[in-house]
Amino acid sequence: MNHVYMRGRWSISIPVRVSSLIFIQCLLFVNTGLLNAQPTVLLKGGIAVVGYNGGNGPATSTSDEFTIMALQDINAGTEIKITDRGWDGVAFFSATFTGDGAFIWTVGSFITRGTVFKFSVTPSNVASSTVGRAVNMVPVNGTLSFLDATSWAGVATLGAFTTVGDQVIIYQGPESTPSFIFGINTSNNPTFTPANGQWQNVTSANITALTSALPTGLVNNAALDGTVAATALGFTLGFTSANLAYKGPKSGTPDFLLKQIATRANWDQVGGPFDITPGSVAAGAYFTGGQPIFLLSFALPVTLVSFTAESRGDINQLIWKTADEFAFRHFEVERSTDGRIFSLLSIVSSGTLNGHYRYDDPSDRTSNASYYRLKMVDNDGRYKYSQVVMVRNALIAALKLFPNPVSSVMQITVPEAGEGTLALQVFDAQGRLLITRTYERTGGVMAVTLDVSALPRGKYFLKAEQGSYKDKTVFLKE
């Protein structure tokens, strides 16, 4: 190993064989990091259903099928559950051997957002038996397994979905406390009055195998007019077919695409079953081309609509509002006393109601001002900072001048406002600017003198301004 001095810095020359070993070790390190990536906790709307052949799939098939699209990246090892069993607002319901069921998908390799998969479910068709039942996917990624022995078992007639369960619900976690991701309901059962966006108004007392209440926590759009980024679609009125295929835009932000998927006009429902196989080259196929079939874009990582800070007694209160919040992890609230060096105060998780957030900072505020910023971090670890906002400590006196009234020279004390150019201005009662002075500051409290002996007697306003710091006060000239 040789050391070489080049233009003021030392460089190390590594023999080829040694550098090759280091390169290989780096590759192993990177690959190990990828292999050790944690399973993904899916967001609501992190997966969407974009195709559904519930009328026994293609005309030549005994299977029912549906197609999904990932709206966020999904790590290997992630466990996702999919069912056509109904939800009554508290629990899943299904009678033994009714022909509905659930399966578990364990992701085998990393999935890029926008990738499309098709699942096919074949019921047993043997009374009280699991013989012949199957679940398959295209393209294959990971493993599929039935949740229990009754899933799509013992069906004597065809129709894994339409005979009994007329919905597809995607979720994670245990069945007792599921975390719902997405749902689609195609049951047109006139027995129940649709509610909650055309999902049935079902309770444990009036359930049937053809109905489901709106999965808890998901958002519907009853009108299916594209105004809401819905995560639960209720195609229960005005759709006469059990076959549906999304034909709308395939590029945009997750919020935009969820709104397009929740638009009735963007779905075909006449003439099915449809070719909803990803990558199909057949005429009339809906999801052609290479993966990822949908191209998702992001405004990294969230849109910050507003961010303010205000002193309220013994706390500083921070309030902010967001929009287009998707695949977003958390906010890191940072504070500074000089506007330059920031430290972490707290981590605030994403997902509050309507994008409204609040944080109260009770920190010891011995300085005249506190500066705040937000570090906004998405699920991929990418981040950006908000603008810096400043709040003056209400418990510490602000702009001061002495004496008041003044006859000639007054001393002005300006609170801490970090580095920058401070401007002091004097206005008369009519708002006319009479005096302007500027000073370069390096931080800390600043004391200056100002000669006002030339001013006539009367009332005047002193204004101080530096960046986001602004203050003013009144003085009398004798």
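The values are calculated or read from the model by the stated rules, or taken from the named source; none is laboratory data. These numbers come from a predicted model, not from an experiment. All Cβ positions, even for glycine, are placed from backbone atoms using ideal geometry, and neighbour counts span all protein chains on display.
Going by the structure shown, is Ser363 at pLDDT 90 or above and either small (Gly, Ala, Ser) or part of a loop (DSSP other than H, G, I, E, B) (or both)? The answer is no for Ser363. For region 376-412, taking the residues that are loosely packed, with under 13 Cβ neighbours inside 10 Å and either in contact with a Pro (Cβ under 9 Å, 6 or more places away or on another chain) or of a type in the set (A, V, I, L, M) (or both), the one that is modelled with the highest pLDDT is identified as Val409.
Being touching a helix residue (DSSP H, G or I) at 6+ places or on another chain (Cβ under 9 Å) and either within 17 Å of Val116 (Cβ to Cβ) or of a type in the set (Ser, Thr, Tyr) (or both), is that true of even one residue in region 277-292? No, region 277-292 has no match at all. Looking only at region 237-262, filter to residues that are over 21 Å from the mean Cα position of the chain (by Cα) and not aliphatic (A, V, I, L, M); which one of those is modelled with the lowest pLDDT? It comes out as Thr240. The residues of region 274-314 that are at pLDDT below 90 and in contact with a Leu (Cβ under 9 Å, 6 or more places away or on another chain), listed by number, are Leu296, Leu304, Glu310, Ser311, Gly313, Asp314. When Ser306 is tested against (1) closer than 30 Å to Asp361 by Cβ; (2) touching an Asp or Glu at 6+ places or on another chain (Cβ under 9 Å), just one condition goes unmet, and that condition is (2). Thr322 meets each of the listed conditions (1) surrounded by fewer than 16 Cβ atoms within 10 Å (Cβ to Cβ); (2) in a strand (DSSP E or B); (3) not hydrophobic (A, V, I, L, M, F, W, C) apart from (1). Considering each residue of region 106-115 in turn, at least one proves to be assigned to a strand (DSSP E or B) and at pLDDT 90 or above.
In this structure, does Ala423 turn out to be touching an Asp or Glu at 6+ places or on another chain (Cβ under 6 Å), part of a strand (DSSP E or B) and in contact (Cβ under 8 Å) with a residue 60 or more places away in the chain? In short, no. The single condition among (1) at pLDDT below 85; (2) surrounded by 15 or more Cβ atoms within 10 Å (Cβ to Cβ) that Val270 does not satisfy is (2). One residue stands out among those in region 68-90 that are within 25 Å of the chain's Cα centre (by Cα) and of a type in the set (Gly, Ala, Ser): the one that is modelled with the lowest pLDDT, which is Gly89.
Test Arg437 against the criterion of being under 30 Å from Thr337 (Cβ atoms), free of Cβ contacts under 8 Å to residues at least 40 places away in the same chain and touching a strand residue (DSSP E or B) at 6+ places or on another chain (Cβ under 9 Å), and give yes or no. Yes, satisfied. At pLDDT below 80, out of contact with any Leu (no Cβ under 8 Å at 6 or more places or on another chain) and buried (at least 17 other Cβ atoms within 10 Å of the Cβ), is that true of Gly57? Criteria met by Gly57.
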